[in-house]
1. Can you tell me which condition B:T211 does not meet? The list is (1) open to solvent by 10 Å² or more (accessible area, probe 1.4 Å); (2) under 27 Å from B:M323 (Cβ atoms), and all the others hold.
2. Of all residues in region A:154-176 being within 12 Å of A:V135 (Cα to Cα) and away from every other protein chain (no Cβ under 14 Å), which is farthest from the chain's Cα centre (by Cα)?
3. Tell me whether region A:377-393 contains one or more residues that are away from chain B (no Cβ under 14 Å) and crowded, with 20+ Cβ neighbours inside 10 Å.
4. Against the condition assigned to a strand (DSSP E or B), on the phi < 0 side of the Ramachandran plot and of a type in the set (A, V, I, L, M, F, W, C), how does B:V133 come out, does it pass?
5. In region B:249-297, which residue that is within 11 Å of the chain's Cα centre (by Cα) and in a strand (DSSP E or B) is nearest to B:A65 (Cα to Cα)?
6. Of all residues being of a type outside the set (D, E) and open to solvent by 30 Å² or more (accessible area, probe 1.4 Å) in region A:403-420, which is nearest to the chain's Cα centre (by Cα)? Just the residue, please.
7. With (1) open to solvent by 70 Å² or more (accessible area, probe 1.4 Å); (2) free of Cβ contacts under 8 Å to residues at least 60 places away in the same chain as the list, and A:K152 as the residue in question, which single condition is left unmet?
8. Would you say B:T249 is more than 19 Å from B:T49 (Cα to Cα), surrounded by 19 or more Cβ atoms within 10 Å (Cβ to Cβ) and of a type outside the set (K, R)?
There are 2 protein chains.
Amino acid sequence: MKKLLLFSALICTFFTLKAQSDKDTKMVRAIFDEALERGESYQMLHFLTKNIGPRLAGSPGAAAAVEWTRQQMMSYGFDTVFLQPVMVPHWVRGKQEKGRIVNSQKIGSMPIKVVALGNSIGTGPDGTVAEVVEVQDFDELEKLGRAAVEGKIVFFNRPMDPKLMDTFAAYSGAVNQRGAGPSEAAKYGAIGVVVRSMSSFKDDVPHTGSTNYALNVPKIPAVAISTNDADLLSGLLKDDDELKFYFETHAQMLPEVLSYNVVGEIRGTEKPDEIIVVGGHLDSWDLSEGAHDDGAGCMQSIEVLRLFKAMNYKPKRTLRAVMFMNEENGLRGGRKYAELAAENGEKHIAAMESDRGGFLPIGFGMTGTDKQLKKFMGWKSLFEPYNIFQFKNGGGGADISPLRVQDVPLIGYIPDSQRYFKYHHTGIDNFETVNQRELELGAAAMASVIYLIDQYGL
Amino acid sequence: MKKLLLFSALICTFFTLKAQSDKDTKMVRAIFDEALERGESYQMLHFLTKNIGPRLAGSPGAAAAVEWTRQQMMSYGFDTVFLQPVMVPHWVRGKQEKGRIVNSQKIGSMPIKVVALGNSIGTGPDGTVAEVVEVQDFDELEKLGRAAVEGKIVFFNRPMDPKLMDTFAAYSGAVNQRGAGPSEAAKYGAIGVVVRSMSSFKDDVPHTGSTNYALNVPKIPAVAISTNDADLLSGLLKDDDELKFYFETHAQMLPEVLSYNVVGEIRGTEKPDEIIVVGGHLDSWDLSEGAHDDGAGCMQSIEVLRLFKAMNYKPKRTLRAVMFMNEENGLRGGRKYAELAAENGEKHIAAMESDRGGFLPIGFGMTGTDKQLKKFMGWKSLFEPYNIFQFKNGGGGADISPLRVQDVPLIGYIPDSQRYFKYHHTGIDNFETVNQRELELGAAAMASVIYLIDQYGL
């Protein structure tokens, strides 16, 4: 009798799991269908990029983006839409930069496209001109020491490793040159820095991005040049003691400005106190429309909630689409969000970020406990019909990272990374480089994971 | 003693397999490294698209492409490079087409971009003008019958299904409207055909592509319009009995022209009589540079052999890169290649085609025996580090398909398909839409499979 009961229980469990899995398979399919047939992420991104455009923290564009996303989420009938005030740095590029190779024995003088690094100081109208010391990394810089560096411009020229499949890993391996290079060089008396652009490609497009001045080190101006120009400069330097580099930047850090995170919410029907966040960052660099970085992630996050509304799906938990402010040069929005969550005693059961461009979805990465990871990995097979195969340990996003100290499991949405570092932080990160189906598939994949968390927790 | 021998044999087999697999893992990594660090497919594609450009069979562009690819493969030091003469159809578009909605109750008259379908006849200078009958498929056409269709223009407006992940499946589900639509409509007395473009997107870009007139049915002129214009036209037709469509095309089929397949070969060191083919088609539509369709596949095929040369890999079998001629509107090159293979008693042990664009590699499909498929599937794990997860039953390519009657196993290279039908057969299938890393990763993936076939047969 006992055996029979046990057997019946097993059978019941089996059929319950089977029914659950069938239900989930259908729901995921329905989410993808809605996104592919009637998705609105692409049209939203069109508005954000074309009618608003660049939106660096503190800029009028950022203010417009805040107000427009607020209205857009209201128009979708989310239960609540609210702003979280946050003070943000206000860096401005000012008049367009100038750059030039001068005094080259081979080519004499030649203009070079430069872009000031975000947060950097300007050179003033007279510019900075000096001999150039090329280095690959901080070790080399240290070995050269003050004698070789003082009064010079340091040229950081270590490329991103093209052999790495994950171009974000290649980026991580090179980006300290931009982030810390200017202060490292200043320690040895350098008067300026030129950085090889963080790009996976040899082309003529310079990439900006923030630099972070260390405390108690003189701030020196810093620019990026394209990978092609970096190769050219490096080639010329090989047998030329007299070559100098000139650049002129007009950037400055203005007083902080009041800005906002924008939060749209659908209230949970069963466990409204359990919050699931999906978001991106609303600010972008000033050089382009910020389509991939991170208009795409923001519009996908709004689309996740819109999909549920359109499908008349009532979440058990509370879902929030969050447009974080100031990821690019301060992360103030992400920090503020986590701070308020703690202050208000909110219980976040998961946070997902999309900040790797609007490209083809290939997976998700998660940072959490073993138990959470096991549950998460168990969902993988639901995504294979959509060519999404990567469910991996480790992942998140800059804006949601401050939530981790509250033990919130973090999920990073992973689109294919091959094309990202062609557009990232450039003047060509524009709407035209985003493909509608890729953007929609990403939103659908994100919504599907959010649905599973909503149904089963983590 | 027997047991001990068996055990030793097992151990030996295990270590042999392990060593083999380590060797293959390293070789595949080396192939990817060479392609990503020093690949030449992208530069080659730049030349083909920018210096040669459109190359429809029979055109001067096609002749230039034949001669350039021949020289290019010679320059890489392949053992043999030769041409296979083949007569090809010579269709020309002539003067630019005109299209117009006329007599609309709502909008009066309005110009509409049209492109003549490949192989179609022209309207003559007076154009074709008639009322429009919209249908979704041939069943609907048959039901309407001659009474409703005679003297009219038939408008085929069935969209590609956006819900399908494999956009080639969506294409297959719609393309009979273009391929057979004109003759089907002519059977009922239609005097012209307008086809909704085969596109995964709502945009303003018309897509050409060949139509095939049936024997003993009057040939009528036929054009494609963009998906946006198709929606516009369909909307207007809903309550407008008087609307007419006008179009003017100047296309004609000229006498056949002598052209060529171009074949580059590296001779096998151990089994030179066993041939492995990798190819694409050199011809393209006349509206653009034919970058994805199929400049990419051709350059990748040359790159496969170049990679082996650069790595100093001496294949056991004979490897051939084949640029097939006239896939777009006749398949004469593919047929000729198979015919000559049979005539010359050549033993082809495998043929691979790349003709789905230069996008991110996601897999390979194979048509072969169960035994061949099993071997092929066994290689899958070698590709997972490169995010290539699809090794599937079924696949090939138009140009290699005639080899199938000789029992040659066929392999289709599968890049991600989401973006392809934005560019396919349009005026915007240009170099700029190809990403260098995606193209290179594809070439590396193809070379890796060719390497495995070369090592282990199929």
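1. That leaves (1) as the condition not met.
2. A:V154
3. For region A:377-393, residues away from chain B (no Cβ under 14 Å) and crowded, with 20+ Cβ neighbours inside 10 Å: absent.
4. yes
5. In this case the residue turns out to be B:H281.
6. Filtering first and then ranking leaves A:R404.
7. Result: A:K152 fails condition (1) only.
8. yes
The values are calculated or read from the model by the stated rules, or taken from the named source; none is laboratory data. Remember, predicted model here, so these are calculated numbers, not experimental data. So basically every Cβ, Gly included, is an ideal-geometry build from the backbone, and we count neighbours across all protein chains shown. Accessible surface areas use protein heavy atoms only, side chains included; no ligands, DNA or RNA. Shrake-Rupley method; radii C 1.70, N 1.55, O 1.52, S 1.80 Å.
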